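Visitor: This is the structure, below, for whatever I ask next.
The values are calculated or read from the model by the stated rules, or taken from the named source; none is laboratory data. Computed from a predicted structure; not experimentally measured. Methodologically, a virtual Cβ is constructed for each residue, glycine included, from the backbone with ideal geometry; neighbour enumeration extends over all protein chains shown. Side chains are part of the model used for accessible areas, which takes the heavy atoms of the whole protein and leaves out ligands, DNA and RNA. Shrake-Rupley method; radii C 1.70, N 1.55, O 1.52, S 1.80 Å.
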Amino acid sequence: QGLPVLFKHWLKNEEVEEGRTAVLCCELTTPNAHVEWRKGDTVLQPSDKYEIRQEGTRVELFIYDTEAQDA
């Protein structure tokens, strides 16, 4: 087994106006590691609302057309 994947840079709180796009990003110690984005117990899946991008150690979550319940 390999080394555990750790955060090099943690997520930061982001504020965005409703209707805009929020971008959350983090950096990991291991490139292309499997990442799950969650809201509570729900695993977020790519859709019209959510886009997940991963390049090497950088992982980003885009939340389109934000609403109050996206907080």
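Visitor: Residues of the range 32-71 being loosely packed, with under 10 Cβ neighbours inside 10 Å, more than 16 Å from Thr21 (Cβ to Cβ) and of a type in the set (Gly, Ala, Ser), which ones?
Guide: Gly40
Visitor: I'm trying to understand the selection: among the residues of the range 22-53, which are closer than 15 Å to His9 by Cα, outside any strand (DSSP E or B) and within 12 Å of the chain's Cα centre (by Cα)?
Guide: Val35
Visitor: Which residue pairs have Cβ atoms closer than 6 Å, lie 6 or more positions apart in sequence or on different chains, and pair a first residue in the range 35-49 that is modelled with pLDDT under 95 with a second residue that is of a type in the set (Val, Ile, Thr) and open to solvent by 40 Å² or more (accessible area, probe 1.4 Å)?
Guide: Hits for this filter: Glu36/Val43.
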